[in-house]
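The values are calculated or read from the model by the stated rules, or taken from the named source; none is laboratory data. Everything numeric in this text was worked out from a predicted model, so none of it was measured. Note: ideal-geometry Cβ built from the backbone for every residue, glycine included; neighbour counts use all protein chains shown. Just the protein is used for accessible areas: all its heavy atoms, side chains included, with ligands, DNA and RNA removed. Shrake-Rupley method; radii C 1.70, N 1.55, O 1.52, S 1.80 Å.
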Amino acid sequence: MNNKGHVLLVDDEPYILEFVGSLLKRGGYSVVACENSSRALEEFRKADFDVVLTDIRMPGADGIELLDNIRLLNPDVPVILMTAYAELEVAVRAVKRLAFDFLVKPFKSDDLLGAVEKSLKFDRLVALEKNYKNMLEETVRRKTKELADALSTAHGLIRELMIRLTTAAEFRDKETGAHIMRIGLYSNKLAEALDMPLDYIEGITLTAPMHDIGKI
């Protein structure tokens with residue numbers, strides 16, 4: 001049977017670990033079972049889990065604390081909380097800690113498997129969204145670089161054209177050539193003094209020397 005997902009199961013009751021673990025394995029999931037939160041955190045750090053299924057009331061750190069610690073390590077992995085005490089306060093704490101689902105013992109097998117399956121679908125949707133964002137960001141970076149390279153090439157061509165025209169003007173009239181260069185420099189300094197935008201400063205520096213090019 002194909003592995004449908006990797007589940008971290010946490011409960012201090014051995015019979016719950018055995019029952020739920022067997023149920024999940026029959027459903028096609030691989031399971032790592034832990035009897036307390038400390039062991040569960042060790043396992044969580046060692047492997048990638050698709051979903052965490054944990055009891056709330058346990059000796060030592062409870063399921064809510066485990067949820068908080070898991071969120072620090074991986075904020076996206078779905079965590080399903082189980083409890084035999086259907087208390088409103090406990091449910092509110094679970095919601096505030098962004099638990100994916102909340103199961104009250106004793107629960108039906110179908111309810112448990114349904115909750116795990118829903119959490120896996122959610123996990124895959126989150127992964128797809130991340131992959132899409134990464135792909136989009138990479139495309140934007142690549143296109144931005146291509147545009148920057150194209151603009152750099154265009155600016156280089158404009159500068160080369162200006163130098164060639166200035167050289168042609170100097171060949172015809174040295175004073176006109178020097179005047180052209182001075183106009184470009186003056187225009188640059190005036191635009192800077194007026195706090196004009198950088199693209200405007202660069203544009204006027206490149207184009208101002210063209211004003212007398214007709215004398216060629």
From the list Leu66, Leu113, which residue is over 21 Å from Asn3 (Cβ atoms), assigned to a helix (DSSP H, G or I) and modelled with pLDDT of 85 or more? Leu66
Gly21: passes all of (1) farther than 19 Å from Asp101 by Cβ; (2) in contact with a strand residue (DSSP E or B) (Cβ under 7 Å, 6 or more places away or on another chain) but (1)
With the requirement that a residue be within 30 Å of Arg57 (Cα to Cα) and of a type in the set (Ser, Thr, Tyr), what does the range 98-143 give you? Ser109, Ser119
Is the range 121-142 home to any residue that is open to solvent by less than 40 Å² (accessible area, probe 1.4 Å) and in a helix (DSSP H, G or I)? yes
Test: residue in the range 85-95 that is farther than 27 Å from Val126 by Cα, loosely packed, with under 12 Cβ neighbours inside 10 Å, touching a Lys or Arg at 6+ places or on another chain (Cβ under 8 Å) and not charged (D, E, K, R): yes
Could you count how many residues in the range 1-15 are open to solvent by less than 20 Å² (accessible area, probe 1.4 Å) and either over 16 Å from Val79 (Cα atoms) or modelled with pLDDT of 90 or more (or both)? 5
Identity of the residue in the range 52-78, of a type in the set (A, V, I, L, M) and over 15 Å from Cys34 (Cα atoms), that ends up most open to solvent (accessible area, probe 1.4 Å): Leu72
Which residues, counting only those in the range 17-37, are free of Cβ contacts under 8 Å to residues at least 40 places away in the same chain and surrounded by 16 or more Cβ atoms within 10 Å (Cβ to Cβ)? Leu17, Gly21, Val31, Val32, Ala33, Cys34, Glu35, Asn36, Ser37
Quick check: anything in the range 147-162 at pLDDT below 75 and open to solvent by less than 40 Å² (accessible area, probe 1.4 Å)? yes
Search the range 141-159 for residues that are within 21 Å of Ile204 (Cβ to Cβ) and pair each with any residue that is open to solvent by 80 Å² or more (accessible area, probe 1.4 Å) and assigned to a helix (DSSP H, G or I) when their beta-carbon atoms are under 9 Å apart and the residues are at least 6 apart or on different chains. Ile158/Thr207
